[in-house]
1. Between V374 and T87, what's the calculated FRET efficiency when r is the beta-carbon distance and R0 is 45 Å? Round to 0.05.
2. Which ³J(HN,Hα) values, rounded to whole Hz and listed in residue order, are derived for the stretch 9-18 from phi using the Karplus coefficients 6.51, -1.76 and 1.60 in 6.51 cos²θ - 1.76 cosθ + 1.60 with θ = phi - 60°, glycine and proline given as x?
3. Using the membrane-span-like helix rule (whole DSSP H runs, Cα extent along the own axis of at least 18 Å, mean Kyte-Doolittle hydropathy at least -1.0), which helices of the chain qualify?
4. I need the trypsin sites (Lys or Arg not before Pro) found in the stretch 356-440, filtered to DSSP loop residues with at most 10 other beta carbons within 10 Å of theirs.
5. Name the long-range amide H neighbours of D134: under 5 Å, sequence gap of 5 or more, or other chain; modelled H, no Pro or chain starts.
6. Taking square-rooted eigenvalues a ≥ b ≥ c of the alpha carbon gyration tensor, is the stretch 221-316 rounded, prolate or oblate, where a/c under 1.5 means rounded and, failing that, a/b exceeding b/c means prolate?
7. Quick check on the chain: helices-only [θ] at 222 nm, where DSSP H runs of length 4 and up contribute -39,500 (n - 2.57) each and the sum goes over total residues. Nearest 500, please.
8. Rank these for me by crowding, H284, H472, going from fewest to most other beta carbons within 10 Å.
Amino acid sequence: MVKVTLAEKAKIERSGTSGQGIDHYGGAFPRGMTPKDFTEILEELGRESAFYGGVPYSNLTRIYRQYANGYWAIEELEKLGVTMRWTDGEFRPIKNFGGGSPFLRVHWVNVKPEMAAGVRKRGVNVLDRTMIVDFLTNNGAVVGATAVNSRTGEFIVIRTKAIVVATGMFARCYNPEQPCPGRYKFRYHCCPAAVSGDGGAMAYRAGAELSNMEQARRRGGTNDDLTISFGNFINEGIPAKALTWDGEEISFIGTQGAAKLDEMELKGRGPFYMSLEDVPDDFHKRIEVCYADERLLSFKIAQDRGFNPRKHWFQRVGNRCTILHAQPGISADGDFKTTLKGLYAAGDCVAGSHDVANAATAGFLVGDSIRTYVNGAAEPVIDEAQVESQKETALAPLAVKDGTDPMELEMSVRGLCDQYVCPNRGEGTLREGLRRMGSLRRVFLPQLMAKNPHYLMRALEVRNIMEMAEAHMRACLERRETRGYHFRRDYPEADPKWEGMLTYQRLENGKPVLEMRKQAPIALPDDHKEER
Ligand SMILES: Cc1cc2nc3c(=O)[nH]c(=O)nc-3n(C[C@H](O)[C@H](O)[C@H](O)COP(=O)(O)OP(=O)(O)OC[C@H]3O[C@@H](n4cnc5c(N)ncnc54)[C@H](O)[C@@H]3O)c2cc1C
């Protein structure tokens, strides 16, 4: 039996990006899918499909395993107490909405409380309000982690043979979809606490590799993130209308859409909108159910603002990046191992992994890999000097008086990325952006001030945001072409020499190293079947 401790910087009952609820499960691939079947599906979808993201997946073996076990994970979720079926006891398959993988409609307002109850019942040692700050390593392997409690400020040392990092995706180097003053600086489509890139930054600092970090999603989402989730604008084959500001109908589906919109925006045709005016009443009812599953409160907010989803247009996010989603993240192999011994990764923080089905499947599968590793691993020996150094970094902001507020520094980073990385992405802007980021880090990180343990968490998040933003900029600089979600103003076309290539980044003796490597094929026989 493996003893498990779960550290969560919020509270597991409602934390993370699916905290408010979820409306679909996207990994309902047929049981028995072989690598050959999967490759054919990918080929059929084409490299430009949203599913494929326009760039190679960082580890096809892992992606294959995640999808091939999608149905098995459904059964495991049910055992954990998550309700997958509708009131008649049946599953609800739906046609995909432009993504590629087969979906089940799920009525998952309470997915997190249900999962949390299952986790607690299984005897997992849950540390709520506990932010992991850094990983502890010894002789090239993970031996533990340090953390702070965001309510008490207590510094915690965790000794362990293995860690699974599952901290969500990264977005907070860019402004949210809905830029609003004051506390609405956090009005992200995703849970803001889960998109500060902590896991990626910690893994990178500890020596693990990141991959595809140049791929930041542009033009995804709407500024009016009310009453409909972005994915549902094309649902069961019924598309919403896409319009210029003055009502001309346009089409911009697929990864080439952004370039087309750039062109039109320069001609003064933006902003662009989505309209649901012409879709049937039945469709409205269905998307209302979907949204009730995900953000019930938003209906009330929309109503208070006089926003009528059946009549009013939804403004699309303009020509800027919002999230590093789906393709970028921590590099992990077919067994969810990162390049650092003892460190595993699952869910949205992993390169090429996105959505609940991938996160859930990975979460279950990683248990097998960990068990084998832990049984053969030596007892972890902690380097006390490393603990002291991490403690000093972690608690430093509590001692600073009259310093820099974490949110102010974060806003500077977001401003910097909006100005130099997206949408104006070229050799000169990226170099200048990196120079300025370096200076922000040097001058303001040491001045970060935390008036209480909650702000300490914010300060430590900014440190991670800067780490990840810098890795993002370096990858953008290196990839001198336009491909997938990555674009360069000075290299507007795809360069054949980068076909099938991915960026990999790591720190070696504190120095950033970036390599381009070719995507490896699935490392399993063509007719392999996952036996679950
Ligand atoms: C509105 C909305 C609707 C969505 N709908 C769907 C859908 O219908 N179907 C679907 O498949 N996907 C959907 N998604 C995406 C889905 O929610 C995510 O893919 C999924 O939640 C990823 O799970 P995860 O566990 O990897 O990350 P998360 O759910 O983001 O969880 C990461 C957790 O790590 C914690 N954490 C982060 N850093 C630290 C740290 N340093 N120390 C301790 N804890 C930390 C966070 O607090 C968080 O709880 C939706 C997303 C949004 C925003």
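Please treat every number below as a calculation from the coordinates, not as lab data. As the structure is a prediction and not an experimental result, all values here were calculated from the model. Cβ atoms come from the backbone with ideal geometry, glycine included; neighbour counts cover every protein chain shown.
1. Numbers: r = 41 Å, r/R0 = 0.91.
Using R0 = 45 Å, I get an efficiency of 0.65.
2. Values per residue, Gly and Pro as x: 6, 10, 9, 4, 5, 9, 7, x, 6, 9 Hz.
3. Numbers: long enough: 281-304 (24 Å, -0.59); 355-376 (32 Å, 0.35); 384-399 (22 Å, -0.34); 406-420 (21 Å, -0.30); 427-444 (25 Å, -0.66); 453-478 (38 Å, -0.11).
Helices meeting the span and hydropathy rule in the chain are 281-304, 355-376, 384-399, 406-420, 427-444, 453-478.
4. Values: sites: R371, K391, K401, R414, R425, R431, R435, R436; in loops: K401, R425.
Listed in order of number, the matching sites are K401.
5. Counting only residues 5 or more places away or on other chains, the set is T146.
6. Details: a/c = 2.00, a/b = 1.65, b/c = 1.22.
Prolate is the answer for the stretch 221-316, as a/c is 1.5 or above and a/b outweighs b/c.
7. Details: 12 runs with 182 residues, N = 532.
Helix-only estimate at 222 nm: -11000 deg cm²/dmol.
8. Values: H284 15, H472 30.
Taking fewest neighbouring Cβ atoms as first place, the list is H284, H472.
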